[in-house]
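K.L.:
Right, I'll just put the structure down here and ask away after.
The values are calculated or read from the model by the stated rules, or taken from the named source; none is laboratory data. Owing to the predicted nature of the structure, the values given are computational and were not obtained by experimental measurement. Neighbour counts are summed over all protein chains in view; Cβ atoms, including those assigned to glycine, are modelled from backbone coordinates with ideal geometry. Note: accessible area is taken over every heavy atom of the protein model, side chains too, but ligands, DNA and RNA are not part of it. Shrake-Rupley method; radii C 1.70, N 1.55, O 1.52, S 1.80 Å.
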Amino acid sequence: MAVSDAPPRMNAVGSPEIVMHGLRERPRGWLGWLTTTDHKKIGIMYLFLTFIFFIIGGVEALIMRLQLAVPDGTLVTPETYNGLVSMHGTTMIFLFIVPVLAGFGNYFVPLMIGARDMAFPRLNALSFWLLAFGGVAFYASIFFEPPQAGWTSYAPLSDDAYLPSGGVDAWIFLIHLTGLSSMVGAINFVATIQNMRAKGMGWGRMPLFIWTILVYSYLLIIALPAIAAAVTMLLTDRHFGTDFFDPTGGGDPVLWQHLFWFFGHPEVYIMILPAFGIISEILPVFARKPIFGYRAIAAATVSIAFLALLVWAHHMFTTPTANVVLVFFMLSSFLIAVPTGIKIFNWIATLWKGSIVMKTPLYFAAALPALFVIGGISGVILAVFPVDWQLHDSYFIVAHIHYVLFGGSVFGIFAGIYYWFPKMSGRMLSEGLGKLSFWVMFVGFNMTFLVQHSAGLSGMPRRIYDYPESAGWWGFNLISTIGSFMLGIGVLLTVINVIRSIKHGKIAGNDPWKGNTLEWFTQSPPPENNFDVIPRVRSVEPMKDIRREVKKAGEPAGSVAQPVASGT
Amino acid sequence: MQDRPKAFRRRPLALALAAAGVALLALAPVASAGIFTPEAGGSPNADAIDRLYRIVLYVSIPIFLVVEGTLIWSLIKFRERRGGPEPAQIRGNTPLELSWTIGATVILVVLAGITFIYLGDIKNPPPSDPGGLASGVQVASIDQPSPPPSGGKTLDISVNGQQYLWRFDHPGGTFDYYEMVVPIKTTVTLKITASDVQHSWWIPELGGKADAVPGHTNETWFKISKPGIYKGQCAELCGDNHADMRARVRAVTPEEYQAYLEQRAQGIKEAQTGLAEQRRERESTATDQGAQDGG
């Protein structure tokens, strides 16, 4: 350190200046990506990688739909079909939805809370690479024999006596690696959100997306140990002669279900809450109105998370279970519908009497409550346990989870892509292509999954590789298959949109949507340090305040020079 | 920057969703089994599940319509208009928020109450009807470890799931695979387990599923009033041929059931005798060969 004799640069007043020596130059090109600890680059790598897995998982789904399009399909063998079932579910949950939300979190948590990076940047890089290796370890199994016990890997089917090949082991490694990735990432999010918020951003001024990422992180920290323990026990059952889940040795297959779902149900909310957060950011921006009931939505998020830990056995209503347990889990599952309903009402109330700007992000964001309410209603129907005895493990369940996870999470994720792409790339996505993609996806989605309710109601179990013509399920399945290809085309349109717009999109500027939160305060894409000056936060919509200040100062609102609004 | 609201852009969404809503309303009252409601008609428990399902469905239809309706209405009605006024910056409304929270809770409490009303009909096996097996032809070996509270006799059949078939053990040591033959008008209670991986017993028209878990015994029941064949299949992924693990229940008159048991017992006996003969033959040839080899 030296008090500089050199000519002052940015420093006009001539006060002492710190000169740094020996700062190593950052590697450029692919090496730069490989070694980065910048939360934005890591976020983009997350989004890119998880989207590749989304496409792969989607192709697996389309192969299954083709197989089921006609009775007695012969496209794939039963073993391949079970492999596809297992790979599709595992990929979409562990390699797409959970990590893509971590990707959005990585990119936008520091920006939205006015921080310069995550709390632990290197740990952040570690969580990305653990995810990548988890995906590689899992997909390596397709060169040997993929897992065939479903994404739930129920014992004893997943035990070595019935599936001796390495597929289930690859699945176990995936759970461990992605689990560690999520755990490390979750700790990082908690540390970042609790400690690094801009001045003035109290709990009551935290953006709702940040609330959901915080709750997502706590849920991961609570739920992941259960599955980590369960898969480790399965691993020792498979290879070291233990009998945790093997009844012939005194173990219990039902124990697996309890451990799995103690993680598995919170996992559902881990997948949906950040999507709720995304649309809670988008709806007020495009309605030009504050979010309706900020506190209620934040409180609902926390109470959903708490209740999510108390409903796991509603996945097990058909196992031999005492009445009192059935009743408890029915009531707890009912209860979780209340905070979820509150959110839906609040979103609609946000749009009510707004001045809605009909852009693509709003289309996807408004589709979420429209579709999720169907998943929510079928969820209440399924929570009535005697009714669940009929519908459990049928296509009704398949329809239900897809309305929740595709209609909910994935439409929310797409809303996030259209909303934040300008910030990440500096360019706008095409509106025309975006709306086309939306409509094709929306119609395709409903065509695929609405009829699956009926297939389930008429007795079609899930995870079957074929069905006889006499079963009467052909019509439902054919409609579903046609719909699934439409859905695929819709997704493809967005992929094309993204690829095209990276180079050729309209220049976005700092704040193309007139956003409410701090990420719109910086440039698009943001510089490596995010903000030169971090503004003091005075409300839940800091950007609105800043625009007002700027307007008052008499400058054109478009040219927000950062220091102007720093007014602390 | 802003799109001008264009009428033709709103129309598809509005029309599609309105049409869907109307279709749903129109079809709900005539909801037929398999499209809007679960399969039923074979057994009283399946019928009770169907009635319970319908109640929950009918309660949820208005909620669905209100939510989708206000959402679509808002998206159409409150679009940005050029030169329109700035929207009122409403941040919430505590009485409104409280009332929908309480409203949602009340609806769920009511649904829970209705579930408890139907639970008994679905869960507890009733006594057999007059003309059923227990009151008509007597089977000497009807097991009755714990008679149902109503006191009527039931027929116990053990069900065992195995990759990829079902084994049925009737009272008196008679067993069969693939097809369960049962008497009509008789309450049949099933004791369900599995001997390898997990399976799930499901004949949709005869009620809900019961998982077949190795090391556990699960229970369910049905009572069929008219002869016929009821089909189902395994509902828990159990391996490569999970889809081929079908189940059939054939309901016959008590007399025919009696005859079936006798015939089946005879068949098993013959098969066993045949097996013993085969073994003896095999052993004797083996001994012959052994003698030759030795000599």
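K.L.:
How many of the residues in segment A:186-209 are small (Gly, Ala, Ser), assigned to a loop (DSSP other than H, G, I, E, B) and within 14 Å of A:ALA115 (Cβ to Cβ)?
P.N.:
So the answer is 2.
K.L.:
Name the single residue that is least open to solvent (accessible area, probe 1.4 Å) among those in segment B:227-260 being assigned to a loop (DSSP other than H, G, I, E, B) and farther than 30 Å from A:GLY250 by Cβ.
P.N.:
Of everything passing the filter in segment B:227-260, B:THR253 is least open to solvent (accessible area, probe 1.4 Å).
K.L.:
Mind checking which residues of segment B:91-125 are hydroxyl-bearing (Ser, Thr, Tyr) and open to solvent by 30 Å² or more (accessible area, probe 1.4 Å)?
P.N.:
Those that are hydroxyl-bearing (Ser, Thr, Tyr) and open to solvent by 30 Å² or more (accessible area, probe 1.4 Å): B:THR94, B:SER99, B:THR101, B:THR105, B:TYR118.
K.L.:
Residues that are within 12 Å of chain B (Cβ to nearest Cβ) and open to solvent by 10 Å² or more (accessible area, probe 1.4 Å): find the helices (runs of 4 or more DSSP H) completely inside segment A:351-415 holding 2 or more of those.
P.N.:
Counting at least 2 such residues, we get A:360-383, A:395-404.
K.L.:
Going through segment A:535-548 one residue at a time, which ones are surrounded by 21 or more Cβ atoms within 10 Å (Cβ to Cβ) and more than 14 Å from A:TRP513 (Cα to Cα)?
P.N.:
Within segment A:535-548, A:PRO535, A:VAL537, A:VAL540, A:PRO542, A:ILE546 qualify.
K.L.:
Test A:VAL327 against the criterion of being under 27 Å from B:TYR58 (Cβ atoms) and open to solvent by 10 Å² or more (accessible area, probe 1.4 Å), and give yes or no.
P.N.:
Judged against the criteria, A:VAL327 is a match.
K.L.:
Sticking with this one: Please find, within segment A:70-85, the residue that is farthest from A:ILE175 (Cα to Cα) out of those that are touching a residue at least 12 places away in the same chain (Cβ under 8 Å) and in a helix (DSSP H, G or I).
P.N.:
Per the criteria, the residue is A:PRO78.
K.L.:
So, in segment B:36-55, how many residues would count as being in contact (Cβ under 8 Å) with a residue 40 or more places away in the chain, closer than 19 Å to A:GLY376 by Cα and surrounded by fewer than 19 Cβ atoms within 10 Å (Cβ to Cβ)?
P.N.:
The total comes to 1.
K.L.:
Still on this model: Which of the residues belonging to segment B:74-102 are among the small types (Gly, Ala, Ser) and more than 9 Å from every other protein chain (Cβ to nearest Cβ)?
P.N.:
B:GLY83, B:SER99
K.L.:
In addition: Identify, please: which residue in segment B:31-49 is facing chain A (nearest Cβ under 8 Å) and closer than 21 Å to B:THR186 by Cα and is, among those, modelled with the lowest pLDDT?
P.N.:
Looking at residues that are facing chain A (nearest Cβ under 8 Å) and closer than 21 Å to B:THR186 by Cα, I get B:GLU39.
K.L.:
B:LEU75: touching a Lys or Arg at 6+ places or on another chain (Cβ under 9 Å) and either of a type in the set (Val, Ile, Thr) or modelled with pLDDT of 95 or more (or both), yes or no?
P.N.:
For B:LEU75, the condition - touching a Lys or Arg at 6+ places or on another chain (Cβ under 9 Å) and either of a type in the set (Val, Ile, Thr) or modelled with pLDDT of 95 or more (or both) - is met.
K.L.:
Still on this structure: Out of A:VAL285, A:VAL302, A:VAL311, A:VAL254, report the one residue that is at pLDDT 95 or above, open to solvent by 10 Å² or more (accessible area, probe 1.4 Å) and within 14 Å of chain B (Cβ to nearest Cβ).
P.N.:
A:VAL254
K.L.:
Looking for something more than 19 Å from A:MET271 (Cβ to Cβ) and either in a helix (DSSP H, G or I) or open to solvent by less than 10 Å² (accessible area, probe 1.4 Å) (or both) - is there at least one such residue anywhere in segment A:86-98?
P.N.:
Among the residues of segment A:86-98, not one is more than 19 Å from A:MET271 (Cβ to Cβ) and either in a helix (DSSP H, G or I) or open to solvent by less than 10 Å² (accessible area, probe 1.4 Å) (or both), which makes the answer no.
K.L.:
What is the one condition in (1) over 23 Å from A:ALA298 (Cβ atoms); (2) crowded, with 23+ Cβ neighbours inside 10 Å that A:GLY515 does not satisfy?
P.N.:
Failing condition for A:GLY515: (1).
K.L.:
Additional query: How many of the residues making up segment A:420-469 are aliphatic (A, V, I, L, M), in contact with a Gly (Cβ under 8 Å, 6 or more places away or on another chain) and open to solvent by less than 20 Å² (accessible area, probe 1.4 Å)?
P.N.:
Residues that pass the stated criteria total 3.
K.L.:
I'm checking my understanding of the structure. Among residues of segment A:440-462 that are in contact with an Asp or Glu (Cβ under 8 Å, 6 or more places away or on another chain) and facing another protein chain (nearest Cβ under 7 Å), which one is nearest to B:ASP50 (Cα to Cα)?
P.N.:
It comes out as A:LEU457.
K.L.:
Still on this structure: Looking at A:GLY114, A:GLY135, A:GLY150, which is the one that is touching a residue at least 40 places away in the same chain (Cβ under 8 Å), open to solvent by less than 60 Å² (accessible area, probe 1.4 Å) and under 20 Å from the mean Cα position of the chain (by Cα)?
P.N.:
Exactly one residue qualifies, and that residue is A:GLY135.
K.L.:
Still on this structure: Do we find a residue being at pLDDT 95 or above and either among the acidic types (Asp, Glu) or not in a helix (DSSP H, G or I) (or both) anywhere in segment A:169-185?
P.N.:
yes
K.L.:
Looking only at segment B:71-97, count how many residues are of a type outside the set (Phe, Trp, Tyr) and outside any loop (DSSP other than H, G, I, E, B).
P.N.:
Total satisfying the criteria: 11.
One line per residue, one yes/no per condition, for (1) crowded, with 24+ Cβ neighbours inside 10 Å; (2) within 30 Å of B:TYR164 (Cα to Cα); (3) of a type in the set (A, V, I, L, M); (4) in contact (Cβ under 8 Å) with a residue 24 or more places away in the chain:
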position: A:ASP169; (1), (2), (3), (4): no, yes, no, yes
position: A:GLY204; (1), (2), (3), (4): no, no, no, yes
position: A:ILE213; (1), (2), (3), (4): yes, no, yes, yes
position: A:LEU224; (1), (2), (3), (4): no, no, yes, yes
position: A:ARG238; (1), (2), (3), (4): no, yes, no, yes
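K.L.:
Let me ask something else about it. Which of the residues belonging to segment A:138-147 are over 20 Å from the mean Cα position of the chain (by Cα) and either open to solvent by less than 10 Å² (accessible area, probe 1.4 Å) or more than 14 Å from every other protein chain (Cβ to nearest Cβ) (or both)?
P.N.:
A:TYR139, A:ALA140, A:SER141, A:ILE142, A:PHE143, A:PHE144, A:PRO147
K.L.:
Right, something else. Return yes or no: is B:ILE224 touching a residue at least 40 places away in the same chain (Cβ under 8 Å) and buried (at least 24 other Cβ atoms within 10 Å of the Cβ)?
P.N.:
It is true that B:ILE224 is touching a residue at least 40 places away in the same chain (Cβ under 8 Å) and buried (at least 24 other Cβ atoms within 10 Å of the Cβ).
K.L.:
Can you name every one of the strands (runs of 3 or more DSSP E) wholly within segment B:166-222 that holds 2 or more residues which are more than 8 Å from chain A (Cβ to nearest Cβ)?
P.N.:
The qualifying strands (runs of 3 or more DSSP E) are B:175-177, B:179-183, B:187-194, B:199-201.
K.L.:
Mind telling me which of the residues B:THR253, B:THR189 ends up being in contact with an Asp or Glu (Cβ under 9 Å, 6 or more places away or on another chain) and of a type in the set (S, T, N, Q)?
P.N.:
Going through B:THR253, B:THR189 in turn, just one is in contact with an Asp or Glu (Cβ under 9 Å, 6 or more places away or on another chain) and of a type in the set (S, T, N, Q): B:THR189.
K.L.:
Turning to a different aspect of this structure: Which residue, of B:ALA265, B:ALA276, B:ALA251, is at pLDDT 95 or above and not charged (D, E, K, R)?
P.N.:
From the options B:ALA265, B:ALA276, B:ALA251, the qualifying one is B:ALA251.
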